[in-house]
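To start, the structure itself, in structure tokens.
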Amino acid sequence: MKYKLTKETKVWCGITLKRIEALESFGNVSKGDKGGWIEKEENLAQVSGDAWVYGDAQVYGNAQVYGDAWVSGNAR
């Protein structure tokens, strides 16, 4: 497991999003770094690659971030 869902949430268009926090260091991410927002664990790969959601970026619905993909800025 490379990240956890924090208790920090926000609602966007009726969808509850949770902030992520790194549990280990990988790629450009350090252990303890807060990331962006996801709806559920299925949105961001937990084990393979350096995939990460940064800043205020939001990933939800059926979207999946995996491999070495990065989602950043204000992307949705």
Would you be able to tell me the number of residues in the range 30-75 that are touching a residue at least 24 places away in the same chain (Cβ under 8 Å) and open to solvent by 40 Å² or more (accessible area, probe 1.4 Å)? 8
Where residues in the range 30-48 are of a type outside the set (G, A, S) and either assigned to a helix (DSSP H, G or I) or under 8 Å from the mean Cα position of the chain (by Cα) (or both), which of them is nearest to G73 (Cα to Cα)? W37
If you take the residues in the range 5-29 that are assigned to a strand (DSSP E or B) and charged (D, E, K, R), which one is surrounded by the fewest Cβ atoms within 10 Å (Cβ to Cβ)? K7
Restricting to the range 14-60, what's the tally of residues that are out of contact with any strand residue (DSSP E or B) (no Cβ under 9 Å at 6 or more places or on another chain) and hydrophobic (A, V, I, L, M, F, W, C)? 1
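The values are calculated or read from the model by the stated rules, or taken from the named source; none is laboratory data. This is a predicted model, so every value here is computed, not measured. Note: ideal-geometry Cβ built from the backbone for every residue, glycine included; neighbour counts use all protein chains shown. When the accessible area is computed, the model is the full protein with side chains, heavy atoms only, and any ligands, DNA or RNA have been set aside. Shrake-Rupley method; radii C 1.70, N 1.55, O 1.52, S 1.80 Å.
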